[in-house]
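Colleague: My questions will all concern the structure given below.
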Amino acid sequence: MNNEKLSPIEIIKEKSDGLRGSLSASLTDNYTGTIRPDDEALIKFHGMYVQDDRDRRNERAEKKLERLYSFMLRLRIPGGVISSGQWQSIHEISQKYGTGTLKITTRQTIQLHGLLKHQLRPTIQGFLLAKLDSIAACGDVNRNVISSAHPQVSPLFEEIHAYADKISRLLLPKTQSYYEVWIDGEKIYERSAEADPLYQHRYLPRKFKIAIAIPPSNDVDVFANDLGLIAIIKEGKFRGFNIAIGGGMGATHGNPDTYPRLGTLIGFADTEEKILKALYEVITIQRDFGNRSDRKLSRLKYTLDRMGVENFVAELEKRTGFSLLPPEDYEFTERNDRYGWLKNHQNLWFYTLFVEHGVVKPYQKEFLHELSLLDISDFRFTCNQNLILGSISEEDKEKVVQLITKYGIEEKDSALRKSSMACVALPTCPLALAEGQRYLPELVTKIEPLLEKHGLDKEEISIRMTGCPNGCGRPYVAEIGFVGTGPGQYNLMLGGDRLGTRLNQLYKKQLDESEILSELDTLFTQYTQEQLPNETFGDFTHRISFSA
């Protein structure tokens, strides 16, 4: 339905033979640490990115060596829950391959970095033995489906959380290329068996993200996703989902046609059949009407704004054969994780471990491995990059407490630090203009004394940093957002609310560290002097800086 000239990536996808391309040949080419250029686009659909160590580019260039290429692999874990046995497998594979570091992402899964090309097949095969895979964890398809992580939010948590896996299975690509490339290494599947009514041979114009929020928690940042589902519970029963579409964080510096956007509520679906049909057809509309010529303008948010919400909903109703009901009332009251010990409605215990920016530290990794060997807990990733040790019985809780004490897991981190988030950025992300997860902990350490000085050290102010404007750390829905513009420089974004339902706005451009600290000191002073009753920092900066 779109007659625009196709971008090069679109042509690669169409000619890929079901996402196979020349991947098998690329993997056996020992003359380079990377893969063929077209295959770099295709390997994303298999859950991997080609990266290199940007810290060592100059050194290797001087020695006339190829860049130090490696691969990042991201698992597909709908809803973020794995077993003790699966954690053991992740631990053992990460010890054997890659850098050894485990990274919890903002999309409720795990990434391994630093995998060398010859390690990819054994890594993936090891995961498959543990019933884990990286299919569609990246690429122009529906990615890992995320869901509210804390069972205490509702006695109906399990019923609602189960939709993450249902949706993920419904929207998986039909191609069997993943198994052919990474397991068998040769053609074994008949292409006729891979007919894909959803993705066809084109796949989507760009990545697609789905989140499930269970009020009162918006820990998933539901409005930052292409499609957001908000669970509606009335009289103790799950009634269905409000549906929001068109959210997305990505933007490009200097390109006013690109922008972050919050999702728009378009209605309510009250049965599983209608819920799944509606989200499926939202994706087919994006497939058919999305921009395939300019990838910077290809996300659903741009399709929605170009078509108009009314026209989009009319097309959706035509494809589904039914009309959505008006959105139901709901309320968000929290977004942060619930740290420490909590019990759910089944009298099972859950312990939330703070993992700063998702980087599992060596002593935490040892603790988690020893715990996994006891097989008394499951492991649950949160969209705030933390880890919940879950489903622990009363009699087993003391064993976990002893391990927490043994490894010194209980840390007295500040409210600000626990409300922080950062993307990977340098040295591995090719898009990064500035630091992210390596630098934000250091900056938080310098902001903490300012908060103490003003008596604000108990405030759970959300603070997020990304190394570029693409928004992987969701900086545009933070009370304080830092968006990298160059080495050591960031745009300071202010005015987002604490619950993730309002975008922040640009306050000051291209600040260095001293300027950031000076601006925040001034703002904290003003906040303590002019704050209205129960007014959060984000609401205050929105009121004084951006309200008409």
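Table: residues versus (1) free of Cβ contacts under 8 Å to residues at least 60 places away in the same chain; (2) open to solvent by 10 Å² or more (accessible area, probe 1.4 Å); (3) farther than 17 Å from G139 by Cα.
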position	(1), (2), (3)
K174	yes, yes, no
A193	yes, yes, yes
I214	no, no, yes
D221	no, no, yes
L227	no, no, no
E235	yes, yes, yes
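Yes/no per residue for (1) under 21 Å from P205 (Cβ atoms); (2) outside any loop (DSSP other than H, G, I, E, B); (3) among the acidic types (D, E):
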site: E4; (1), (2), (3): yes, no, yes
site: L19; (1), (2), (3): yes, no, no
site: G33; (1), (2), (3): no, no, no
site: A41; (1), (2), (3): yes, yes, no
site: K44; (1), (2), (3): yes, yes, no
site: R57; (1), (2), (3): no, yes, no
site: R67; (1), (2), (3): no, no, no
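Colleague: Just for the stretch 75-90: of the residues that are open to solvent by less than 20 Å² (accessible area, probe 1.4 Å) and in contact with a helix residue (DSSP H, G or I) (Cβ under 6 Å, 6 or more places away or on another chain), which one is nearest to I167 (Cα to Cα)?
Modeller: Filtering the stretch 75-90 for residues that are open to solvent by less than 20 Å² (accessible area, probe 1.4 Å) and in contact with a helix residue (DSSP H, G or I) (Cβ under 6 Å, 6 or more places away or on another chain), the one nearest to I167 (Cα to Cα) comes out as G79.
Colleague: I'm told E10 meets every condition in (1) at pLDDT 95 or above; (2) closer than 19 Å to S134 by Cα; (3) open to solvent by less than 60 Å² (accessible area, probe 1.4 Å); (4) not basic (K, R) except one. Can you identify the failing condition by its number?
Modeller: For E10, the exception is condition (2).
Colleague: Of the conditions (1) farther than 30 Å from F354 by Cβ; (2) open to solvent by less than 10 Å² (accessible area, probe 1.4 Å); (3) in a loop (DSSP other than H, G, I, E, B), Q200 fails just one. Which one is it?
Modeller: (2)
Colleague: While we're here: Give the stretch 304-344 a look and list any residue that's in a helix (DSSP H, G or I), out of contact with any Asp or Glu (no Cβ under 6 Å at 6 or more places or on another chain) and in contact (Cβ under 8 Å) with a residue 40 or more places away in the chain, or say none.
Modeller: Listed by number, the residues that qualify are L304, D305, V309, F312, V313.
Colleague: For the list (1) farther than 20 Å from L204 by Cα; (2) buried (at least 17 other Cβ atoms within 10 Å of the Cβ); (3) free of Cβ contacts under 8 Å to residues at least 40 places away in the same chain, I need the number of the one condition that E281 fails.
Modeller: Checking E281 against (1) farther than 20 Å from L204 by Cα; (2) buried (at least 17 other Cβ atoms within 10 Å of the Cβ); (3) free of Cβ contacts under 8 Å to residues at least 40 places away in the same chain, the one that fails is (1).
Colleague: Right, something else. Filter the stretch 21-31 for residues that are in a loop (DSSP other than H, G, I, E, B) and crowded, with 17+ Cβ neighbours inside 10 Å and give the result.
Modeller: G21, the sole residue that qualifies.
Colleague: Let me ask something else about it. Which condition from (1) in a loop (DSSP other than H, G, I, E, B); (2) of a type in the set (V, I, T); (3) in contact with a Gly (Cβ under 6 Å, 6 or more places away or on another chain) is the one that I93 breaks?
Modeller: (1)
Colleague: Further, regarding this structure: From the set of residues in the stretch 504-548 that are in contact with a Gly (Cβ under 6 Å, 6 or more places away or on another chain) and in a loop (DSSP other than H, G, I, E, B), which is least open to solvent (accessible area, probe 1.4 Å)?
Modeller: Taking the candidates together, the pick is N504.
Colleague: Condition first: touching a residue at least 40 places away in the same chain (Cβ under 8 Å) and either open to solvent by 10 Å² or more (accessible area, probe 1.4 Å) or among the β-branched types (V, I, T) (or both). Now tell me which residues in the stretch 91-102 satisfy that.
Modeller: Passing the criteria: H91, T101.
Colleague: Only residues that are aliphatic (A, V, I, L, M) and under 17 Å from I283 (Cα atoms): list them for the stretch 133-180, please.
Modeller: Scanning the stretch 133-180 gives A136, A137, V141, V145, I146, A164, I167, L170, L171, L172.
Colleague: Shifting gears a bit: Tally up the residues in the stretch 329-360 that are open to solvent by 30 Å² or more (accessible area, probe 1.4 Å), of a type in the set (V, I, T) and under 18 Å from the mean Cα position of the chain (by Cα), please.
Modeller: The qualifying residues number 1.
Colleague: Another question, if that's okay. Could you list, in sequence order, the residues of the stretch 155-184 that are within 23 Å of the chain's Cα centre (by Cα) and either among the small types (G, A, S) or closer than 17 Å to F208 by Cα (or both)?
Modeller: Of everything in the stretch 155-184, those that are within 23 Å of the chain's Cα centre (by Cα) and either among the small types (G, A, S) or closer than 17 Å to F208 by Cα (or both) turn out to be A162, Y163, A164, D165, K166, I167, S168, R169, L170, L171, L172, P173.
Colleague: Does the stretch 130-167 hold any residues that are of a type in the set (D, E, K, R), in a loop (DSSP other than H, G, I, E, B) and open to solvent by 10 Å² or more (accessible area, probe 1.4 Å), and which are they?
Modeller: K131, R143, listed by residue number.
Colleague: Another one. Return yes when A41 is farther than 30 Å from L387 by Cβ and in contact (Cβ under 8 Å) with a residue 24 or more places away in the chain and no when it is not.
Modeller: So A41 passes the test.
Colleague: Quick check on this structure: which one of G321, G308, G290 is buried (at least 16 other Cβ atoms within 10 Å of the Cβ), modelled with pLDDT of 95 or more and out of contact with any Cys (no Cβ under 6 Å at 6 or more places or on another chain)?
Modeller: Just one listed residue meets the conditions, G290.
Colleague: Is there a residue in the stretch 411-434 that is farther than 30 Å from H253 by Cβ, open to solvent by 10 Å² or more (accessible area, probe 1.4 Å) and in a helix (DSSP H, G or I)?
Modeller: Yes, the stretch 411-434 contains at least one residue that is farther than 30 Å from H253 by Cβ, open to solvent by 10 Å² or more (accessible area, probe 1.4 Å) and in a helix (DSSP H, G or I).
Colleague: Return only the number of the condition from (1) open to solvent by 50 Å² or more (accessible area, probe 1.4 Å); (2) under 21 Å from M249 (Cα atoms); (3) within 26 Å of the chain's Cα centre (by Cα) that I461 does not satisfy.
Modeller: Among (1) open to solvent by 50 Å² or more (accessible area, probe 1.4 Å); (2) under 21 Å from M249 (Cα atoms); (3) within 26 Å of the chain's Cα centre (by Cα), the lone unmet condition for I461 is (1).
The values are calculated or read from the model by the stated rules, or taken from the named source; none is laboratory data. Quantities reported herein were computed from a predicted structural model and do not represent experimental measurements. Every residue, glycine as well, gets a Cβ built from its backbone with ideal geometry; the counts of neighbours run over all protein chains shown. Accessible surface is based on the protein model in full, side chains and every heavy atom, while ligands, DNA and RNA are left aside. Shrake-Rupley method; radii C 1.70, N 1.55, O 1.52, S 1.80 Å.
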